[in-house]
Amino acid sequence: MAALTIHGVPPSTFTRTVRLACHEKGIDYELVDAMPNTIGPLNPFGKIPAITHNGVTLYESIAILRYLERVFPGPKLWPDDATAAALCDQWASAVADSLVNASLRYFAARAGFLPVPAEMAQKYLAKTAEVVPIFDRQLGRHRFLAGELLTAADLYLYPLYAYFPDVAELKAIAARAPNCNRWSAEMAERPSVKATEPAFKPKVAA
């Protein structure tokens, strides 16, 4: 049995980010299905994922990834250079803030998980159309989101961007982001991405 346990579900973008990190670093883990608001003492805020490892319990994906980076060997998810590491944090935060609060909320609204008025859903879509070009410009300058090597920032962006083809309106936005699509296609070939592909995804009505 693996010493590290991830509590979450495969379709969850942040759960997949943690799983991607484990695969990239070669960390053996066990995934225990846990839906939001069901993980009790593991996270008082009720969000997924959380991890348990050798008596340590952690929640919030950025704290989890930093822990994995410090405790386990394997390829680095943050550069050693202070400026490069800060840029990685910058882009990871941009995904978790600006893009999650736009495209993921729109996806959740369309899938029925986030009951909001139609005008609010349209605001999420408009914000997505506003921020995706920023990521596209960055990926036009660099192979990966924070530079020429894969970092934690890419592990935040990919699980979210992977849902764009499943929603017509998000797919249309992605069609105008060639650099994101080049990056996404390269990411899709990584063993970590293939190993964490969800067996099912929430359905969105056409």
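So the check is Cβ under 7 Å with 6+ separation or different chains; which pairs have a first residue in region 116-137 that's among the acidic types (Asp, Glu) and a second one that's in a loop (DSSP other than H, G, I, E, B)?
Pairs found: 136/177.
Of the residues 170, 149, 160, 155, which single one is touching a residue at least 60 places away in the same chain (Cβ under 8 Å) and surrounded by fewer than 19 Cβ atoms within 10 Å (Cβ to Cβ)?
149
Please state which one of 114, 150, 104, 99 is in contact with a helix residue (DSSP H, G or I) (Cβ under 8 Å, 6 or more places away or on another chain), assigned by TED's automatic domain parsing to the domain that holds residue 167, within 30 Å of residue 79 (Cβ to Cβ) and not in a helix (DSSP H, G or I).
Result: 150 is the single residue among 114, 150, 104, 99 that is in contact with a helix residue (DSSP H, G or I) (Cβ under 8 Å, 6 or more places away or on another chain), assigned by TED's automatic domain parsing to the domain that holds residue 167, within 30 Å of residue 79 (Cβ to Cβ) and not in a helix (DSSP H, G or I).
Would a scan of region 85-104 turn up a residue that is among the hydrophobic types (A, V, I, L, M, F, W, C), over 21 Å from residue 157 (Cα atoms) and either surrounded by fewer than 13 Cβ atoms within 10 Å (Cβ to Cβ) or free of Cβ contacts under 8 Å to residues at least 40 places away in the same chain (or both)?
Step one: filter region 85-104 for residues among the hydrophobic types (A, V, I, L, M, F, W, C), giving 85-88, 91-92, 94-96, 99-100, 102, 104.
Okay, now just the ones that are also over 21 Å from residue 157 (Cα atoms), so none.
Taking every residue of region 85-104 in turn, none turns out to be among the hydrophobic types (A, V, I, L, M, F, W, C), over 21 Å from residue 157 (Cα atoms) and either surrounded by fewer than 13 Cβ atoms within 10 Å (Cβ to Cβ) or free of Cβ contacts under 8 Å to residues at least 40 places away in the same chain (or both).
Does region 39-61 contain any residue that is within 16 Å of residue 154 (Cβ to Cβ) and either assigned to a helix (DSSP H, G or I) or β-branched (Val, Ile, Thr) (or both)?
Among the residues of region 39-61, at least one is within 16 Å of residue 154 (Cβ to Cβ) and either assigned to a helix (DSSP H, G or I) or β-branched (Val, Ile, Thr) (or both), which makes the answer yes.
Taking the conditions exactly as written (within 25 Å of residue 89 (Cα to Cα), in contact (Cβ under 8 Å) with a residue 12 or more places away in the chain and surrounded by fewer than 16 Cβ atoms within 10 Å (Cβ to Cβ)), does residue 143 satisfy them or not? Give the steps one after another, and end with the answer.
Values: within 25 Å of residue 89 (Cα to Cα): yes; in contact (Cβ under 8 Å) with a residue 12 or more places away in the chain: yes; surrounded by fewer than 16 Cβ atoms within 10 Å (Cβ to Cβ): yes.
Yes: the conditions hold for residue 143.
Within the bounds of region 63-81, is there any residue that is β-branched (Val, Ile, Thr), surrounded by 15 or more Cβ atoms within 10 Å (Cβ to Cβ), touching a residue at least 60 places away in the same chain (Cβ under 8 Å) and not in a loop (DSSP other than H, G, I, E, B)?
no
The values are calculated or read from the model by the stated rules, or taken from the named source; none is laboratory data. Nothing here was measured: the structure is a model prediction, and the numbers come from that model. Positions of Cβ are generated from backbone atoms using ideal geometry, with glycine treated the same way; all protein chains shown enter the neighbour counts.
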